[in-house]
1. Are there strands (runs of 3 or more DSSP E) fully within the stretch 1-78 with at least 3 residues that are at pLDDT 85 or above and surrounded by 14 or more Cβ atoms within 10 Å (Cβ to Cβ)? List them.
2. Looking at the stretch 79-89 only, could you name the residues that are surrounded by 15 or more Cβ atoms within 10 Å (Cβ to Cβ) and not in a strand (DSSP E or B)?
3. Under 9 Å between Cβ atoms, at least 6 apart or on separate chains: pull out the pairs that start in the stretch 27-48 with a residue that is on the phi > 0 side of the Ramachandran plot and end on any residue that is of a type in the set (S, T, N, Q).
4. Does R76 satisfy the condition of being among the charged types (D, E, K, R) and closer than 25 Å to L31 by Cα?
Amino acid sequence: MVTVPGHLELLAVDGRAVPDYLLQSATFDYLLLPGERSLTVRYDSLWAGGLRANARRVSSAPQVLTVNVLERTNYRLSSASKPTTVSEAKAFASCPHLWLENAAGEPLARAQPEVSCSPSD
């Protein structure tokens, strides 16, 4: 089982898209079958800017994690930070650092971004 917090999105498992109905809640759990699995994830969040109700979606490029999923093990998608403003969200989306961790909080796999991040990130 992988738990995905609301600001991260699990797009696909082994190249197969995750059903849209699982992406409607702020946090969801997705059952993973044992074996090596390729998970496609991204940072994705909706922000309201300023005093006006001017909602903006901020997303990163998809990233891929590969992990050997064990039976009866819980995993969680995590990120280096959770942005608190629109400008932080845009900066984070340009180079998000995402990983999968086990129930003990130990990182198991880091995401591989489609574009490389600059060393200052």
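1. 2-4, 8-13, 35-49, 63-69
2. Once the filter is applied, which keeps residues that are surrounded by 15 or more Cβ atoms within 10 Å (Cβ to Cβ) and not in a strand (DSSP E or B), the stretch 79-89 yields K82, P83, V86, A89.
3. Pairs found: G35/N68.
4. The answer is yes for R76.
The values are calculated or read from the model by the stated rules, or taken from the named source; none is laboratory data. All values derive from a computational prediction rather than experimental measurement. Cβ coordinates were reconstructed from backbone atoms using ideal geometry, including for glycine residues, and neighbour counts include every protein chain displayed.
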